[in-house]
Each structure stands twice: as structure tokens, then as C-alpha cells.
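This report refers to the structure that appears directly beneath it.
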């Protein structure tokens, strides 16, 4: 018969699970050492992740401010009657008409 997660219900009485597994002190020490190393690595990863996350937020905020400043300059230029930078570059790249040459 299976359990709520589809796992088999196995009891000690079935003889499959042996509770007489004994670990000596050396094995416990080795397992403890491995767990300490894993814990250290996870702490290091978490610290790096936090650092990268902070740097990313700083970069995003910097980009947001630069974009706002750029938009403000564009809006100032448009308010003063200057052309939009993208429009003037498009006009510069188009060949002149015959009428513009005075012909």
C-alpha cells in the first residue's frame, strides 16, 4: 500500500529498514566535516549573490537616472525648438532633392 505521496509504507517490522546501522566516531567526524564544508560554500555563495544583487540594483538605478537625464535634455531641446537628435541624423543621411540643389 502506498502513502499520501505515492511512497511505499515501509515499517521496521518488514525487516527492510535495519536500525542496527552503527557509525563509529570517525564516520561521524567525516560527515560533520563534509557538512561544515558544504555550509561554508553555501555561505560564500549567499554572500556573493547578495553582493551581485546589490551591484545590479546600483547599476539599474544609475541607468534609470541616466535615461531620465537624457530624456530631460531631449525635452529641453524640443522645447527650445531644436530638432530631436534621431530626426536630425535621419535627415542628414537622406540624399538632397533636386529642388534643394537649386536646379
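Averaging the inverse of every distinct alpha carbon separation and then flipping it gives the Kirkwood radius. What is it for the range 23-79, in angstrom units? Display every interim value, and only then the final one.
Working: mean 1/r = 0.0651 Å⁻¹.
When all Cα pairs of the range 23-79 are included, the Kirkwood radius is 15.4 Å.
Between residue 62 and residue 36, what length comes free when the chain is fully extended (0.36 nm per residue of separation minus the Cα-Cα distance, one decimal in nm)? Mind dumping the intermediate values first?
Values: separation 26, 0.36 × 26 = 9.36 nm, distance 3.90 nm.
Taking residue 62 through residue 36 to full extension adds about 5.5 nm, to one decimal.
No lab work stands behind these numbers, since they all come straight from the coordinates. Everything numeric in this text was worked out from a predicted model, so none of it was measured.
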